[in-house]
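Read-outs: derived from the displayed coordinates by stated rules, not from any lab. Please read all numbers here as calculations on a predicted model, not as lab measurements. In this analysis, Cβ positions are derived from the backbone assuming ideal geometry, glycine residues included, and neighbour counts consider all displayed protein chains.
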Amino acid sequence: MRVATLSAEDDYEGWRAAARTLACAGVAAEEVVWRVDGAASDDLFAGEPIAAEPATGRFRVPRAFPDLAETAVLHSDPERFALLYALLLRLRATPKLLEDSADPLVRRVEGLARAVQRDLHKMRAFLRFREVEEEDAARYVAWFEPEHHIVRRNANFFVDRFASMRWSILTPELSLHWDGTILREGPGASRADAPEEDPVEAVWKTYYAAIFNPARLKPGAMLKEMPRRYWKNMPETALVPELMKGARARESGMIEATPAAAGGNLQAAWEALRNEAASCTRCHLYKHATQTVFGEGPISARMMLVGEQPGDQEDLAGRPFVGPAGQMLDRALEAAGVDRSETYVTNAVKHFKFEPRGKRRIHAKPDAGEIEACRWWIEQETMLLRPEITVALGATAARALLGRTVTIGRERGRPLDLPGGGRGWITVHPSYLLRIPDKARAADEFERFVDDLKGAHTLLA
Ligand code: URA
């Protein structure tokens, strides 16, 4: 018997090195005991330990295997290391084995990887930070109970997404702490270590009551959007049983879900969201801006227009697109036959970013971290409104909506599927038109902009 000791439950590199050494030495799968350091007492294992050093012999595996193994190894099934090793040995003899999805071992390992993928996604989608006041600044703390060993694998996602916030993610296995520059790892925590009281709990309850409104969702759909297992970690889900009751009663015809009632809830939820955004400190931009400039327009709008960030005049007025770019947008909307009052107009970044120059405040482009930090709001607005078409005005808006860098010239003027559902349409930012010195070119570009708006609008028909 050989004992392969890994340093942690998610030690893929350790597994890989040991598996390589063992496979090169011709050790059969049933001759290896896999253990994680500290997970079992030494005297249970009598065998010869494996030095986890890469073997020098030639070793080839199909390209898809490392990806599969790197994910499946995070599963909480104690047999995963052994299963992966057994699969590795079989792949050496049958390199195309992974294509045989009827093979029980392939199916089992693929099932492990799929479960891990789902858990990775759920942590990203359902983790909720709560604000905690510390001496110098706010820290956001979240409690999460993953099913598998996915926390470290997800760390970079949260660092990228919330780069400018200070946050801690507490889980039973380990905790992650980000101070804006360095990510530290700490020991596992318990639920009691996370703040119990959410200062904005009432706001979120109103909000989620509308998002998961029985008039908008069937009970099954509600469960699908927010799996039951996650309810306990979300304060707003105290409302779920009540909502479910309402949904069932509606389905059985006991109560009528009127659009007016649904609209009322949505309006209240939107107001809750806007109030919450008014004190947003997700990134540093709030420090110098006058106020948060939230979106505006009817909650029932079928078309949403997304700009970059408020400008000088918007910052003072507290409303989007009221300055020169807004006037250009108004002209183009009118030419396209789109009634602005029927659209919802918002920005990817909700605070004005500028550089002071004498008495003037010069617009400065938001960076990727600021766009990411603010993306939370546009996602919430989108969830609430569920517009049929969302028009990104310029590259910043397109990036916020698609989560990737976009080249406007290449992707403008045609429908795209948005990651969060609904369709997107990319065009230029109206201030681009203001900067074109040549009159004839400016007129042409204006026409193209109008055509883009028209094209997006016709999708509604
Ligand atoms: N530019 C934008 O992108 N949004 C505004 O609200 C104003 C100018």
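Once the piece of chain linking Thr290 and Ala28 is laid out straight, how much longer is it, given 0.36 nm per residue of separation minus the C-alpha distance between them?
Length difference between fully extended and current span is 87.5 nm.
Arranged from highest to lowest average of other beta-carbon atoms within 10 Å per residue, in what order do the peptides 299-311, 3-15 appear?
Most protected by this proxy first, the peptides run 299-311, 3-15.
Once the dipole of segment 281-458 is set up with Lys and Arg at +1 and Asp and Glu at -1 on Cβ about the Cα centre, which of Thr405, Val345, Ala443 lies farthest towards its positive end?
Comparing the listed Cα positions along the dipole, Thr405 ranks first.
Spin-label point model (7 Å from Cα, Cβ direction): what's the Met1 to Glu185 distance in nm?
The modelled label-to-label distance comes out at 2.8 nm.
What order do you get for 106-113, 342-349, 177-184, 314-321 when each peptide is scored by the mean count of other beta carbon atoms within 10 Å, highest first?
The densest-packed peptide leads the list: 342-349, 314-321, 106-113, 177-184.
On a full-extension model of 0.36 nm per residue, what is the gain between Ser76 and Glu145, subtracting their alpha-carbon distance, rounded to one decimal in nm?
23.6 nm
Using only the Cα atoms of segment 323-461, build the gyration tensor, take square roots of its eigenvalues as a ≥ b ≥ c, and label the shape rounded, prolate or oblate: rounded if a/c is under 1.5, else prolate if a/b is larger than b/c, else oblate.
Here segment 323-461 falls in the oblate category.
How would Ile408, Ile436, Ile371 line up from fewest to most surrounding beta-carbon atoms within 10 angstrom?
Result, fewest neighbours first: Ile436, Ile408, Ile371.
Using 0.36 nm per residue of separation minus the Cα-Cα distance, give me the extension gain between His177 and Asp438 in nm, one decimal.
Taking 0.36 nm per residue and subtracting the Cα distance, the gain is 88.8 nm.
Rounded, prolate or oblate: which fits segment 127-193, taking a ≥ b ≥ c as square roots of the Cα gyration tensor eigenvalues, rounded meaning a/c under 1.5, else prolate when a/b beats b/c?
Here segment 127-193 falls in the oblate category.
Going 7 Å from the Cα of Asp451 toward and past its Cβ, which residues in segment 321-345 have a backbone nitrogen under 20 Å from where you end up?
Label zone hits: 329-338.
So, counting K/R as plus one and D/E as minus one, what does the shell of residues with Cβ under 11 Å around Arg80 add up to?
That sum, taken over residues with Cβ under 11 Å, equals -3.
Under a Cβ-only charge scheme (Lys and Arg +1, Asp and Glu -1), can you give me the dipole magnitude of segment 304-408 about the Cα centre, in debye to the nearest 20?
380 debye
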